[in-house]
Structures are given as C-alpha cells and as structure tokens.
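The values are calculated or read from the model by the stated rules, or taken from the named source; none is laboratory data. All values derive from a computational prediction rather than experimental measurement. Glycine gets a Cβ as well: all are built from the backbone with ideal geometry, and neighbour counts include every protein chain shown. We work out accessible area using only protein heavy atoms, side chains counted, and drop any ligands, DNA or RNA first. Shrake-Rupley method; radii C 1.70, N 1.55, O 1.52, S 1.80 Å.
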Amino acid sequence: STLAPVALSAGIYFAIFLVLRRSNRRWYAPRSYIGSLRESERTPALPGGLVNWVGRFWKIPDHWALQTQTLDSFLFLRFIRVRLPQNFE
C-alpha cells in the first residue's frame, strides 16, 4: 500500500529533474561551464537529451571521478555502480 504512492512521487520528481537539468545548468552541471575553472578542471559536458546522458555518465572512469570530486562523491558513485548491473547503458 505504500509502494504505489512512493513510486508515483519518485517518478514525478525524477521527471521534474529530467526537465529542469536541461534548462538549469547552473544547478545541475556547474562544473562543466563555469568560467572561473580552467578547461582541464571542468567536468565534461553531458548530452542535453532527456535520458541519453545516463550512458555517458555511467562510463566516467573511477580515477577521473576521484581526482575531480570529493571522496564522498566518489564513494557514493562506487556504491551505485556496485549495486546496479555492470552492463547498464
């Protein structure tokens, strides 16, 4: 009885995220375009489509994520990759 409302609200929030990430790069991808960072420090820009960014995001090498993000972010990404199937694209 709890699964349906939670799944519905999660789906709604995910749909809002998919729409807003394209128009609000300042919030959802600030390291890919901020002018104060050198080009080598910037995160590679992800595609602008609704879901085609997932595959490229999934293929970010671990060593690059560790060098450019905090340790908390790196460990969270590793946790997600361990929990989901490796051939997810």
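Before moving on, here are some points about what is shown:
- Surface analysis of the chain yields an accessible area of 80 Å² per residue, using protein heavy atoms and a 1.4 Å probe.
- Principal axis dimensions, the chain - Cα atoms, whole angstrom, descending: 50, 30, 22
- Rounded to the nearest 10 degrees, the angle from helix 71-83 to the longest Cα principal axis of the chain is 50 degrees.
- Put a dot 7 Å past the Cα of Tyr28, heading toward its Cβ, do the same for Ala15, and the two dots end up 1.5 nm apart.
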